[in-house]
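Report on one structure; see the data block that follows.
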Amino acid sequence: MSTSVPPPPPPAGPALPDASTVVAPAPSPLTRDEKPTLFGLELAGVIAAGFLLNIGVRVGVGVVATVAAVLVLSAALLVSGRFEQRSAQWLVVGAMFLAPWMMIRSSDGLLLATMAAVTTFLVVAAGLSRVGALGDLNVRTILAHHASQAIEWVYGIEMVGRWVRSRAEDAQGAAVMRGVVVALPVLIVFGLLLASADEVFASFLLIGNLPSAVGHALLAGAFAVMLLGLVSRAAHTTEPRSVPERATGMAALELTIILGSLAALFAAFVGTQIAVAVGGVDHVLETEGLTQAEHARSGFFQLLWVAALTIGLLGALRSLRAPNADGARDPFRPLALIVLLLTLVITAISAQRLLYYVGSFDFTPLRFWALAATGWVGVVLVAYMASIGGVRSDRSWFPGFVLLSAGVFVFAMNVANPDGFVARYNLEHQSPEQVDVRAIASLSDDAVLASLEGLEKLPSDELAILAQSLCARTDLQSGYGLLGQNRAHRNADWLLDSFCPNPRPEPRNGGFGD
């Protein structure tokens with residue numbers, strides 16, 4: 001009786017990896033564990049803000065439309081409850097407080113500074129919405145909040161997609177969405193037909209023709225997508241990555257050489273300035289062949305750069321220094337304080353130089369901004385000295401202080417009205433023969449009132465030049481009604497219409513916009 005031999009077992013395959021050793025694939029840079037859904041209020045705020053920014057860009061950033069966009073978006077985010085941290089809430093309120101100045105002033109530099117401050121406040125607030133505080137910021141975190149906006153809108157679109165899917169799952173929401181999808185093209189077709197039949201109705205709809213309507217839609221959509229980045233940043237937890245403590249770095253000897261030599265250089269410069277002050281005009285003329293006023297002007301901006309670069313250098317050295325060994329002497333703090341103190345003296349010297357130069361000649365908006373910035377840099381230097389000296393050493397409060405103080409600086413500049421101040425100062429403090437009326441005529445509408453008030457102090461020929469230049473300004477009109485208004489433009493139009501004997505030229509296209 002034969003017995004069957006069982007077939008041999010198949011060859012063993014490769015051993016399965018142990019579960020504990022399996023490495024999960026790296027997540028896609030466009031994926032996140034959190035899956036927040038957009039709120040309907042946020043979507044409405046983003047769409048409205050996008051459309052308002054579209055109007056603001058067409059008319060000019062310093063108009064009601066731009067301010068309204070900031071207020072609408074900020075209010076929607078605050079009401080939605082995204083900003084859980086108190087620091088984020090205060091930053092949003094600060095942005096809402098600064099934004100209205102954009103429809104009050106017309107100076108390009110002032111408008112750009114205000115817009116930059118508002119944008120920075122909103123971006124940092126979005127990053128601090130759920131984690132972090134102003135008192136614990138660092139430069140790396142602030143830069144990360146800004147850099148994230150380049151890709152954050154992708155997550156914002158995902159949030160919109162989740163919102164749409166959630167509405168579609170609900171019967172009533174699905175019906176509303178189908179109704180909107182059908183109603184939109186119907187309204188567009190009939191709206192364009194009615195707008196083409198009546199110009200007043202077309203201006204009410206803010207469209208005059210099909211290309212204009214398409215342009216509004218595309219630009220508003222582009223802004224809305226960008227604003228979704230702020231919403232997404234506020235909705236996701238953006239916990240900063242922990243930076244491991246540096247095991248090695250710049251040793252005490254290296255820091256001593258760098259900061260010691262820099263302190264010696266700054267001390268030599270301060271000593272030179274004392275020698276110039278004691279030597280007076282003769283010393284300046286003999287050594288440089290310059291008048292005191294020319295000497296005062298020659299290095300002002302370089303001195304400001306010295307102050308700014310010193311803060312950056314000390315910040316880099318502070319982060320790169322090696323951990324202090326137990327009982328070892330740390331040379332950074334005393335040397336850094338000496339360098340900052342000398343830098344503060346150099347900043348004061350630069351301010352004194354500019355004041356002397358302005359006293360000999362006149363103010364310009366750039367000189368006004370530079371002098372004001374010198375005061376702000378001085379405040380920042382004092383704060384940095386306090387930070388290095390150990391004030392609240394348990395927190396990283398200095399970057400947040402710089403951010404807030406910059407916002408206060410922009411607010412103060414709006415209140416001061418640089419162009420108006422420059423026109424009034426030059427007309428009141430300079431002799432009539434020295435006033436540069438062409439420079440005054442080139443100032444923004446913020447200076448029109450001060451220019452008209454100072455006309456009577458000018459000789460007849462200079463008065464005629466300034467009056468002719470002012471009356472040659474375009475009569476600014478807005479094709480968007482209230483949304484296109486700017487207080488400085490409106491007041492200047494009213495003042496010049498009352499002052500000028502003849503009608504002023506109108507814009508080539510009859511007004512702003514399409």
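No value in this document is a laboratory result; all are computed from the given coordinates. Predicted, not measured: the structure shown is a model, and the values here were computed from it. As a convention, Cβ positions derive from the backbone with ideal geometry for all residues, glycine included, and neighbour counts pool all protein chains shown.
Laid out as a table, the results:
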| item | result |
| --- | --- |
| Label-point gap, in nm, between Ile274 and Asp475 - each point 7 angstrom along Cα→Cβ | 6.4 nm |
| Other-chain or far-sequence residues with amide H under 5 Å of Arg321's (modelled H) | Met250 |
| Rounded to the nearest 20 debye, dipole of region 420-499 from Cβ charges on Lys, Arg, Asp, Glu | 260 debye |
| Region 40-235: relative contact order in percent, alpha carbon pairs under 8 Å with at least 6 residues between | 30 percent |
| FRET efficiency estimate (nearest 0.05) - Cβ-Cβ, Gln434 to Ala373, R0 22 angstrom | 0.30 |
| Value of relative contact order over region 420-499, rounded to a whole percent, pairs C-alpha under 8 Å and six or more apart | 32 percent |
